[in-house]
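Trainee: First, the structure itself, so that you have it in front of you.
The values are calculated or read from the model by the stated rules, or taken from the named source; none is laboratory data. In this text, all values refer to a predicted model and were calculated from it rather than measured experimentally. Counting neighbours? That spans all protein chains shown, and the Cβs are built from the backbone with ideal geometry, glycine included.
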Amino acid sequence: MKNKLSTGATIGILGGGQLGRMMALAAHRLGLNTHIYCQDQNSPAFAVTPHKTVAPYEDLAALTRFAEQVDCVTYEFENVPAQTAAAITEAGTNLFPSAKALEISQDRLVEKRFISTVGINVAPFAKVDNQLELEAAAQKIGLPAVLKTRRFGYDGKGQVILKTADDVKTAFNAIGAQPAILEGFVPFDKEISVIIARDQAGHVAAYDPAENVHENHILKTSTVPGNISAELGEAAKTIASQLIIALDYIGVMGVEFFVVPDADGDKLIVNEIAPRVHNSGHWTEAACVVDQFEQHIRAVAGWDLGSAERHNDAVMENLIGDEIVEGMATTESNAQVHNYGKAEIRPGRKMGHINRIFPKNRP
Ligand code: AMP
């Protein structure tokens, strides 16, 4: 399984969005090449490498050709179909993180079961495949609760909050009558995330937790350090390492937590894991010597991880839709702007971000 790449080797990346683009930029800085595979002709990642395949993720012949042209494959999104992952490994090419990480993170039920097995707190949950199961689950878990599709939910899509008995009657149809889970509503007062990496020798490096604020279900800002105690921050990093080790994972992973106030102090509940570089880790570009993108490339390339130490405090702000226009004009001396180069501005579309850095440990 050891897979140490040399200068000039090529990493294949499934997915051509901004995350693929930023991974490719990091790889090229380290003297590695990238080959991006994406079904969308206009993918922002295509601008940063000459090697690309434009084909559907179901095109097994194109996937095999792609796998044969690269030295290992990674991905920028968790919904890589199982057969796509299988086509890569069947062609004899290593896939990092492994297909197991995809299987677990693609299905909220499998994910919640896995996290509980590791002994880590998640919201109470139950499988819901039909209306009867929803009624039983609502009885068991109580209201309020959140009904979520097992697959393909992101940014709040495919989920509804149930507050009343009437909601229990309509919610299953409201999410399209698909396999789902019901989760107890978590009365959190903050959301935080830990970006963590593991290399092929098993070393782990965790970045400091970011406190995340969402607007219209989309991440708006990540602030580091978050407004949490040092102990809670360390506890979040420990949980993230337990998960990454239990998954035997290689690469960068995002772990999202709810912080729940409790009489004995704040408590952590894991919401989900993302088997990829993560939007709430973009601050690492400006506040760490080795950012999450380089860290991921190092891990999949079979290199040692770099330091995840933070040299500054930071606030990352996503530029959504036409905010990119104003963001690009900033002349603030502490601000680093990143533009994903997307051809078309659309409402709700992530177009870029700004990292603002501050002296560490400011009062
Ligand atoms: P998710 O798609 O699971 O990341 O959920 C999107 C957002 O919905 C989260 O960032 C939370 O703000 C909210 N949310 C999800 N699950 C719960 C829950 N069980 N209790 C309260 N809020 C939740």
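Trainee: Which pairs turn up if I take residues in segment 199-214 that are in the same structural domain as Gly302 (by TED's automatic domain parsing) and look for partners that are more than 16 Å from the ligand (Cβ to nearest atom) and in a strand (DSSP E or B) with beta carbon separation below 6 Å, at least 6 apart in sequence or on another chain?
Mentor: Within 6 Å, the pairs are Val204/Arg198; Ala205/Ala197; Ala206/Ile196; Asp208/Val224; Asp208/Arg310; Ala210/Val224.
Trainee: Continuing with this model, one more query. Give me the residue from segment 254-268 that is small (Gly, Ala, Ser) and either in contact with a strand residue (DSSP E or B) (Cβ under 9 Å, 6 or more places away or on another chain) or free of Cβ contacts under 8 Å to residues at least 12 places away in the same chain (or both) and, out of that set, farthest from Ser98 (Cα to Cα).
Mentor: Ranking the qualifying residues of segment 254-268, first place goes to Ala263.
Residue by residue, here is whether (1) assigned by TED's automatic domain parsing to the domain that holds Pro209; (2) touching a residue at least 60 places away in the same chain (Cβ under 8 Å); (3) in contact with a strand residue (DSSP E or B) (Cβ under 8 Å, 6 or more places away or on another chain); (4) under 15 Å from Asn212 (Cα atoms) holds:
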position	(1), (2), (3), (4)
Val252	yes, no, yes, no
Val270	yes, yes, yes, yes
Glu285	yes, yes, yes, no
Gln292	yes, yes, yes, no
Trp303	yes, yes, no, no
Arg310	yes, yes, yes, no
Ile320	yes, yes, yes, no
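Trainee: Go through segment 220-265 and count every residue that is touching a helix residue (DSSP H, G or I) at 6+ places or on another chain (Cβ under 6 Å) and closer than 19 Å to Arg298 by Cα.
Mentor: The qualifying residues number 6.
Trainee: While we're on this one: Quick check on my filter: what residues within segment 114-167 are hydroxyl-bearing (Ser, Thr, Tyr), within 12 Å of the ligand (Cβ to nearest atom) and out of contact with any helix residue (DSSP H, G or I) (no Cβ under 9 Å at 6 or more places or on another chain)?
Mentor: Across segment 114-167, the qualifying residue is only Tyr154.
Trainee: Starting from residues that are touching a Pro at 6+ places or on another chain (Cβ under 6 Å) and in a strand (DSSP E or B), keep the ones in segment 181-199 and report whichever is surrounded by the fewest Cβ atoms within 10 Å (Cβ to Cβ).
Mentor: Ranking the qualifying residues of segment 181-199, first place goes to Gly184.
Trainee: Follow-up question, since we're still on this one. For segment 183-225, which positions are away from the ligand (no atom under 16 Å from the Cβ) and among the hydroxyl-bearing types (Ser, Thr, Tyr)?
Mentor: The answer is Tyr207, and nothing else.
To keep it simple, each residue is scored yes or no on (1) in contact with an Asp or Glu (Cβ under 8 Å, 6 or more places away or on another chain); (2) basic (Lys, Arg); (3) crowded, with 18+ Cβ neighbours inside 10 Å.
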{"site": "Leu102", "(1), (2), (3)": "yes, no, yes"}
{"site": "Arg108", "(1), (2), (3)": "yes, yes, yes"}
{"site": "Asn121", "(1), (2), (3)": "no, no, no"}
{"site": "Ala136", "(1), (2), (3)": "no, no, no"}
{"site": "Ala145", "(1), (2), (3)": "yes, no, yes"}
{"site": "Ala165", "(1), (2), (3)": "no, no, no"}
{"site": "Pro179", "(1), (2), (3)": "yes, no, no"}
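Trainee: Tell me, yes or no, whether segment 64-79 has at least one residue that is among the aromatic types (Phe, Trp, Tyr), more than 22 Å from the chain's Cα centre (by Cα) and within 20 Å of Leu19 (Cβ to Cβ).
Mentor: yes
Trainee: Any residue at all in segment 300-319 that's of a type outside the set (A, V, I, L, M), assigned to a loop (DSSP other than H, G, I, E, B) and surrounded by 21 or more Cβ atoms within 10 Å (Cβ to Cβ)?
Mentor: Yes, because at least one residue in segment 300-319 is of a type outside the set (A, V, I, L, M), assigned to a loop (DSSP other than H, G, I, E, B) and surrounded by 21 or more Cβ atoms within 10 Å (Cβ to Cβ).
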